[in-house]
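The values are calculated or read from the model by the stated rules, or taken from the named source; none is laboratory data. Keep in mind it's a predicted model, so treat the numbers as computed, not measured. Every residue, glycine as well, gets a Cβ built from its backbone with ideal geometry; the counts of neighbours run over all protein chains shown.
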Amino acid sequence: MTSIGAAEDRALLDLLERMWLIRAFEEKVSDLYARGHISGLLHLGIGQEGSAVGACSILRDDDYVLGSHRAHAHALAKGADPERLMAELAGRSTGYCAGKGGSMHLVALECGFVTATGVVAGSIPLGLGTALAGQQAGMGQVTVVFFGDGAGQAGPFHESLNLASLWKLPLVFLCENNGYAEFTPLSAHTNIERLTHYADTYQIPSTTVEGNDVLAVQAATEQAVELARSGGGPSFIEALTHRPRGHYEGDQAKYRELSEREEWKEKDPIARFEMYLEQQNVLSEDASEARTIEADVRQRIEAVAEAALDAPWPAPESLTSQVLAS
Amino acid sequence: MPKRLYAEALVGALRRALETDDRVHLMGQYFLGLTEHRELMVELREDYVERVYYPPIAEVGYVGAAIGAAMAGLRPIVDIATASFIFQAFPQVVNEAANVHYMSGGQTSVPMVFHFNQGIRGGGAAQHSHSPQAMLWNTPGLEIMAPSTPADVKGLVATAVQSNNPTAWVDHVRLFDTIGEVPDPDYAIPFGVADIKRSGTDVTIVASSFMVVRSLAAAETLAKQGIDVEVVDLRTLTPLDEDAVFTSVAKTGRLVVVDECHRRCGVAAEIAALVAENALGDLTAPIKRVTALDVPIPFSPPLEEFVEPTEAKIVEAVSEIAG
């Protein structure tokens, strides 16, 4: 099988690199957490990189992205600087939020990452607003709001679907369905099997894709974004994925079946994509290019972590600033 | 100077905001509650069809949408109608709007206004009579304005619309029928500047919103009894003009705080605490609070009157310490 073409190859390798960057970042975060360098409640999205990278890969710089509480991947996929992000997780003054936000409240406005939220479904209504502002500006800006399947049972989710449909907002609802709302399987919280069912109810075009297939998410998002940019209103993408780790770092996830962990190995979006790239001859048989990409990003993340931990703590004087805007 | 109804001044202020700033959008269709004055909004809505939204009754959704729009550069003014309904939107108001400027290290701001009609309006009972300003005051990151006159509502709205903060506009349906002089030219009243609505020497009353009107009426009654009351209208709770309160208390030595919130942890409790902490030496009598009682607001008219801070209760409280 011949390779797809140099430019296309590069674009595919960029997707791989971005997924590796996020994986390496989060594995480093986990390591720093275990060693006590990062504290607080920490939700990792290891294994869910495909949906964030696939969706953000086709967005413009001026498009808006809002994340969930598991949002490191969303921010990094939209182009956030890993060093400022790591510094924020470490509570340092050089972090994006000057150490005032932390993992669940990330904001990287410079690249269009509007906000994460510590509240399940909390950022979905806000996404209506950025979409509304984009609609009013008339420049074709779209908003993608990420949330998990746990948000699907919350009131703000439903009010937002209705409003987005009613006002034909340029908004992509991107549900990362990893099957667990915190510690509980989706089936224990709703009789609805596919979250797209909700979208259908509100007359929002929807699709369910394999979320660990980065290209499937990319294709679905491309269609949704095209519709939104052309004034066609919102879309809903349910990306089926898997969370191999617990709800938070330290969660032993004993509610999980052992078989799920085995299944995960086949579902890993990075391993899966590398296999695809080998089949497409974008990677050679030994996947040496992928190993180089992985080694490079891991090295970069080492430097990022070192710089973050070397950065100063916030000064006490900063405590009372930024309560109100000037 | 022309005299205007408060309701007219309110609508005029909204119109001016829409006229002068393209980023201003109105969300919600009431603003004037269910009063007859709501007809004043019709023309405004027709003139600015593109910037006036009629959201469904889904407060967490549309208030959240307005907050998100503000984060992306618009300046929405949202009407939550009866203040009790702000609880439906609390997740977005308290946990998103108020926090995000701080949480983002100053990257994001939320330049918007939440309008609601608070307080006892007669027969609203427990689910339509809340005064949530104390709860909001307990939330860092919000500005709070509570005008009491047609002139003040015009000037404070002008400031609120240009503020880069989420601003709660505490309003009251019982103000809509009041009349006052309103200067024609544009003007803005800065936040954090209280206004002495009545100058006096014997007792200071501190109040805001409709309680200023009641306090002024009580002051007239008290004047006939030879008690000269000074009425300090806070106008904004955040920022708070503490100095104006301290200055007046230094002059009179006596303080009555009138407030429609419940007594426990209400606005009056905070004002009383501030004066006790900072100006105890100026006091010649105990501080008195006239507030709603600590029960849900009841429906039956005599029960409602028993619970609310009436003019008679203000007169009584002032008389007790006027000594």
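Details
- Of the residues making up the range B:111-136, those that are in a loop (DSSP other than H, G, I, E, B) and among the small types (Gly, Ala, Ser) are B:Gly119, B:Gly122, B:Gly123, B:Gly124, B:Ala125, B:Ala126, B:Ser129, B:Ser131.
- Failed criterion for B:Leu32 (all others in (1) modelled with pLDDT under 95; (2) surrounded by 19 or more Cβ atoms within 10 Å (Cβ to Cβ); (3) part of a helix (DSSP H, G or I) hold): (3)
- Single unsatisfied condition, B:Ile189 versus (1) out of contact with any Ser or Thr (no Cβ under 7 Å at 6 or more places or on another chain); (2) of a type in the set (A, V, I, L, M, F, W, C); (3) surrounded by fewer than 22 Cβ atoms within 10 Å (Cβ to Cβ): (1)
- Some residue of the range A:306-319 being of a type in the set (S, T, N, Q) and within 14 Å of chain B (Cβ to nearest Cβ): yes
- The sole residue among B:Thr108, B:Thr159, B:Thr167, B:Thr139 that is within 14 Å of chain A (Cβ to nearest Cβ), among the β-branched types (Val, Ile, Thr) and assigned to a strand (DSSP E or B) is B:Thr167.
- Residue-level check: of (1) within 14 Å of chain B (Cβ to nearest Cβ); (2) at pLDDT below 95, A:Gln252 misses just (1).
- Any hit, the range B:167-180, residues being of a type in the set (Lys, Arg) and under 24 Å from B:Asp22 (Cα atoms): no
For (1) under 19 Å from B:Pro150 (Cβ atoms); (2) in contact (Cβ under 8 Å) with a residue 40 or more places away in the chain; (3) within 20 Å of the chain's Cα centre (by Cα); (4) in a loop (DSSP other than H, G, I, E, B), each residue gets a yes or a no:
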| site | (1), (2), (3), (4) |
| --- | --- |
| B:Met41 | yes, no, no, no |
| B:Leu44 | yes, no, no, no |
| B:Glu50 | no, no, no, no |
| B:Pro55 | no, no, no, yes |
| B:Gly64 | no, no, no, no |
| B:Val78 | no, yes, yes, no |
| B:Asn99 | no, yes, no, no |
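- Among the residues making up the range A:116-139, a single one is on the phi > 0 side of the Ramachandran plot and either assigned to a helix (DSSP H, G or I) or in contact (Cβ under 8 Å) with a residue 24 or more places away in the chain (or both): A:Ala121.
- Filter result (under 19 Å from A:Leu89 (Cα atoms), in a loop (DSSP other than H, G, I, E, B) and not small (Gly, Ala, Ser)) within the range A:49-78: A:His69, A:Arg70
- Against the test of being at pLDDT 95 or above and assigned to a helix (DSSP H, G or I), the options B:Leu14, B:Leu26 yield a single qualifying residue, B:Leu14.
- Residue within the range B:124-136 that is away from chain A (no Cβ under 11 Å) and in contact with a Pro (Cβ under 8 Å, 6 or more places away or on another chain) present: yes
- Of all residues in the range A:87-115, those that are closer than 18 Å to A:Ala52 by Cα and in contact (Cβ under 8 Å) with a residue 60 or more places away in the chain total 2.
- Of the criteria (1) facing another protein chain (nearest Cβ under 7 Å); (2) in contact with a Lys or Arg (Cβ under 8 Å, 6 or more places away or on another chain), which one B:Gln92 fails: (2)
- Among the residues making up the range A:89-128, those that are more than 7 Å from chain B (Cβ to nearest Cβ), among the small types (Gly, Ala, Ser) and within 17 Å of the chain's Cα centre (by Cα) are A:Gly102, A:Ser103, A:Ala108, A:Gly112, A:Ala116, A:Gly118, A:Ala121, A:Ser123.
- Helices (runs of 4 or more DSSP H) (entirely within the range A:227-326) containing at least 3 residues that are closer than 21 Å to A:Gly148 by Cα: A:258-267
- Test: residue in the range A:157-168 that is buried (at least 24 other Cβ atoms within 10 Å of the Cβ), more than 8 Å from chain B (Cβ to nearest Cβ) and assigned to a loop (DSSP other than H, G, I, E, B): no
Here is a yes/no grid of residues against (1) modelled with pLDDT of 95 or more; (2) in contact with a strand residue (DSSP E or B) (Cβ under 8 Å, 6 or more places away or on another chain); (3) among the β-branched types (Val, Ile, Thr); (4) outside the structural domain of B:Leu32 (by TED's automatic domain parsing):
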{"position": "B:Trp137", "(1), (2), (3), (4)": "yes, yes, no, no"}
{"position": "B:Gly141", "(1), (2), (3), (4)": "yes, yes, no, no"}
{"position": "B:Ile144", "(1), (2), (3), (4)": "yes, yes, yes, no"}
{"position": "B:Ser148", "(1), (2), (3), (4)": "yes, yes, no, no"}
{"position": "B:Lys154", "(1), (2), (3), (4)": "yes, no, no, no"}
{"position": "B:Thr167", "(1), (2), (3), (4)": "yes, yes, yes, no"}
{"position": "B:Asp186", "(1), (2), (3), (4)": "yes, no, no, yes"}
{"position": "B:Pro190", "(1), (2), (3), (4)": "yes, no, no, yes"}
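- Scan of the range A:129-156 for residues that are aliphatic (A, V, I, L, M), surrounded by fewer than 24 Cβ atoms within 10 Å (Cβ to Cβ) and more than 9 Å from chain B (Cβ to nearest Cβ), ordered by number: A:Met139, A:Ala154
- Verdict on B:Thr82 being in contact with a His (Cβ under 9 Å, 6 or more places away or on another chain) and more than 14 Å from every other protein chain (Cβ to nearest Cβ): yes
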